[in-house]
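Only one structure is covered here, and it is reproduced in the block below.
The values are calculated or read from the model by the stated rules, or taken from the named source; none is laboratory data. Note that this is a predicted model, so its numbers are computed, not measured. Virtual Cβ from ideal backbone geometry, glycine too; neighbours counted across all protein chains shown. The protein model used for the area step is the full one, side chains on, heavy atoms only, and it has no ligands, DNA or RNA in it. Shrake-Rupley method; radii C 1.70, N 1.55, O 1.52, S 1.80 Å.
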Amino acid sequence: MCGSEGPRRGWGRCAPSPILLLSLLASAAPLGLLGEETRQVSLEVIPPGLDAPQNLLHIRAVGTNSTLHYVWSSMGPPAVLLVATDTPHSTLSVNWSLLLSPEPDGGLVVLPKDSIQFSSALVFTRLFEFDGANTSEGAEPPGEPCPPYPLAKFSWNNITDSLDPATLSATFRGRPTDDPTGAFANGSLTFRVQAFSGSGRPDQPPRLLHSADTCQLEVALVGASPRGNRSLFGLEVATLGQGPDCPLMQEQHSIDDEYAPAVFQVNQLLWGSLPSGFVQWRPVAFSQRQRGRESALPCQASPLHPSLAYLPQSPIVRAFFESHNNFCAFNLTFGASTGPGYWDAHYLSWSTLLGVGTPPLDTLSPLVLGIMAVALGAPGLMLLAGGVFLLLGHRQCSEYQPIN
């Protein structure tokens with residue numbers, strides 16, 4: 001059975017926010033950062049020049065008038081910097097001596113500094129586990145908490161070994177450095193990062209629509225032994241606010257579930273500055289590699305709240321933002337005490353998009369449009385046919401000659 005520490009804040013659904021904000025953000029953003037159709041994407045692992053490898057992945061996506069920089073690292077807790085500039089010539093400069101020092105301020109710089117239009121970060125701080133065996137559905141927290149796994153205390157693979165230029169992807173694979181129960185003896189936690197040179201959609205659910213202005217993250221827990229009878233897992237995510245307030249969490253609903261069956265919602269985190277950065281995901285995870293409907297798990301997001309002092313420092317975030325520490329955090333939980341779960345195959349995956357500008361939005365698919373056309377068109381055709389029939393019948397009656 002599990003016990004002791006759990007999340008410090010409540011768990012539950014976040015309240016919907018005004019949809020008009022998205023269009024206001026888009027209309028006010030500089031044209032150079034709005035919807036590049038294609039970008040020239042490059043992936044580079046930046047070596048520290050030391051014997052011990054330090055995982056620092058730089059994804060550079062160059063458009064006609066702008067550049068997006070994604071800097072991913074597993075130094076400390078896994079984290080990503082997102083920096084958008086209004087020039088195709090901006091570059092990333094790394095000072096390893098500063099970055100690896102106790103005071104890394106200034107160790108990461110995007111030049112020229114005056115070209116930066118937007119910057120923020122995500123930090124993945126803890127993996128939670130709950131024993132949901134005797135918990136009712138909808139309970140908060142969703143079970144008896146086990147001691148969380150601090151991701152800053154994981155050891156990670158050499159990112160160079162997983163770099164794939166063909167798919168513009170790389171994978172961080174880690175496990176706890178201290179694992180007294182042996183839960184991760186045959187398991188791992190992975191962060192698969194993938195960039196895109198244009199728009200499209202993955203083959204597997206949740207099939208989020210991506211663009212050249214986005215980067216996808218897939219988090220997967222594979223093979224780890226659960227510490228509870230029906231363990232549910234959660235992820236703590238921290239981000240930098242753009243002012244005194246936390247970023248905006250928003251829900252968008254649709255009548256179309258063709259690309260993610262039985263999922264009619266998209267969640268979005270929107271930063272307040274212009275042009276806005278965003279994080280976007282469907283509230284669904286999967287307990288099987290095939291990711292069919294039968295393995296879909298609900299994904300609950302807690303409201304954003306100002307972070308507490310326990311959040312660990314990310315060297316790359318500290319290096320870039322220096323003294324800026326306006327962190328906000330939220331929690332994600334995957335699964336419920338009933339239905340499919342991690343216990344089925346010791347597998348859990350969840351995907352999200354990170355980008356800048358206007359988040360990609362699904363339009364109604366051709367299949368749904370066809371169904372709507374048939375549903376709405378059939379009554380109209382019946383009315384039209386009835387009108388023609390009555391008109392022809394009236395004309396035939398009018399052609400009879402009177403009998404004298």
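Within the range 317-333, which residues have the backbone N less than 16 Å from the label spot 7 Å out from Glu103 along Cα→beta-carbon, could you tell me?
Flagged as within label range: 318-324.
Spelling out what I want: for every residue of the range 239-253, take phi, set θ = phi - 60°, compute 6.51 cos²θ - 1.76 cosθ + 1.60 (Karplus), and round to whole Hz; glycine and proline get x.
My calculation for the range 239-253 gives 9, 8, x, 9, x, x, 9, 6, x, 8, 9, 9, 10, 10, 10 Hz in order.
Going through the range 288-364, which trypsin sites (Lys or Arg not before Pro) have at most 16 other Cβ atoms within 10 Å and a DSSP loop state? Working shown, then result.
Numbers: sites: Arg289, Arg291, Arg293, Arg318; in loops: Arg289, Arg291.
Qualifying residues, ordered by number: Arg289.
What does the charge count near Pro78 come to, summing +1 for each Lys or Arg and -1 for each Asp or Glu among other residues with Cβ under 14 Å from its Cβ?
Values: positive: Arg126, Lys153, Arg173, Arg175, Arg192; negative: Glu218, Glu236.
Summing Lys and Arg as +1 and Asp and Glu as -1 gives +3.
Give the carbon-plus-sulfur fraction of the accessible surface of the range 290-345 in %, rounded to a whole number; probe 1.4 Å, heavy atoms of protein chains only.
On the way: 1210 of 2370 Å².
In the range 290-345, the share of accessible area belonging to carbon and sulfur is 51 percent.
Once phi is turned into θ = phi - 60°, what whole-Hz ³J(HN,Hα) does the Karplus curve with 6.51, -1.76 and 1.60 give for every residue of the range 152-161, x standing for Gly and Pro?
In residue order, the calculated couplings are 5, 9, 9, 9, 10, 5, 6, 4, 4, 5 Hz.
Gly143: net charge of surrounding residues, Cβ under 9 Å, Lys/Arg +1, Asp/Glu -1, itself excluded?
Values: positive: Arg230; negative: Glu129, Asp131, Glu144.
Taking every Cβ under 9 Å from that of Gly143, the sum is -2.
Counting Lys +1, Arg +1, Asp -1, Glu -1, what net charge surrounds Pro165 among other residues with beta carbon under 14 Å of its beta carbon?
Taking every Cβ under 14 Å from that of Pro165, the sum is -2.
Express in Å², to the nearest 10, the accessible area of Ser254 obtained by rolling a 1.4 Å probe over the protein heavy atoms while all chains stay in place.
Using a 1.4 Å probe on the heavy atoms, I get roughly 50 Å².
For the range 151-280, what D do you get in µm² per second when you plug the Kirkwood radius from alpha-carbon pairs into Stokes-Einstein at 4 °C and 1.567 mPa s?
Values: Rh = 17.6 Å.
Translational D for this selection: 74 µm²/s.
Could you give the length gained on full extension between Thr177 and Ser323, defined as 0.36 nm per residue of separation minus the Cα-Cα distance, in nm?
On the way: separation 146, 0.36 × 146 = 52.56 nm, distance 2.92 nm.
Length gained between Thr177 and Ser323: 49.6 nm.
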